[in-house]
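K.L.:
Next up is a structure, given as structure tokens.
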Amino acid sequence: MAAALEQTNTAHEIHWHAFELNTKEIRAAEQHCQQQGIQSVPSIIFNERHLISGAQGIDNYKSILQQLAEMPD
């Protein structure tokens with residue numbers, strides 16, 4: 001993903017959600033993710049609207065970024 005972002009000169013902000021040993025918070029985060037349609041890892045949400053699930057290669061990410069750049073806001 002990072003390589004595709006760099007190669008396409010795409011402005012980005014990445015938020016990592018690290019594993020923590022707090023069961024209550026983990027369950028709440030899990031429920032939130034399920035409500036967003038996330039069913040696998042890795043999952044990436046672009047522009048708070050477009051969900052991509054599963055690992056993708058650099059070329060796939062570049063294609064996705066190009067398609068998103070061409071979409072009207």
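The values are calculated or read from the model by the stated rules, or taken from the named source; none is laboratory data. None of these values were measured; they are calculated from a predicted model. Backbone-built Cβ (ideal geometry, glycine too); neighbour counts: all protein chains shown. For the accessible areas, the whole protein counts, side chains as well, though only heavy atoms, and no ligand, DNA or RNA atoms are used. Shrake-Rupley method; radii C 1.70, N 1.55, O 1.52, S 1.80 Å.
K.L.:
Let me have the 222 nm mean residue ellipticity of the chain computed from DSSP H runs of 4+ only, each contributing -39500 (n - 2.57), with the sum over all residues rounded to the nearest 500.
P.N.:
Taken over the chain, the calculation gives -13000 deg cm²/dmol.
K.L.:
Distance in nm between label sites at Ile52 and Ala28, each 7 Å beyond Cα in the beta-carbon direction?
P.N.:
Inter-label distance under the simple model: 3.0 nm.
K.L.:
Also: Highest mean first, what order results for 36-43, 54-61, 8-15 on Cβ atoms within 10 Å?
P.N.:
Descending mean neighbour count gives 54-61, 36-43, 8-15.
K.L.:
Let me ask something additional. Considering only protein heavy atoms and a probe of 1.4 Å, how much of the accessible area of the chain is carbon and sulfur, as a whole percent?
P.N.:
So the carbon and sulfur contribution to the accessible surface is 50 percent.
K.L.:
Taking the solvent-accessible surface of protein heavy atoms with a 1.4 Å probe, what is the per residue accessible area of the chain in Å²?
P.N.:
85 Å²
K.L.:
Residue farthest toward the positive end of the dipole of the chain, with Cβ of Lys/Arg at +1 and Asp/Glu at -1: which of Gly37, Gln56, Pro72?
P.N.:
Projecting each Cα onto the dipole axis, the largest value belongs to Gly37.
K.L.:
What are the trypsin sites (Lys or Arg not before Pro) within the chain that DSSP puts in a loop, where the Cβ has at most 14 other Cβ atoms within 10 Å?
P.N.:
Arg49
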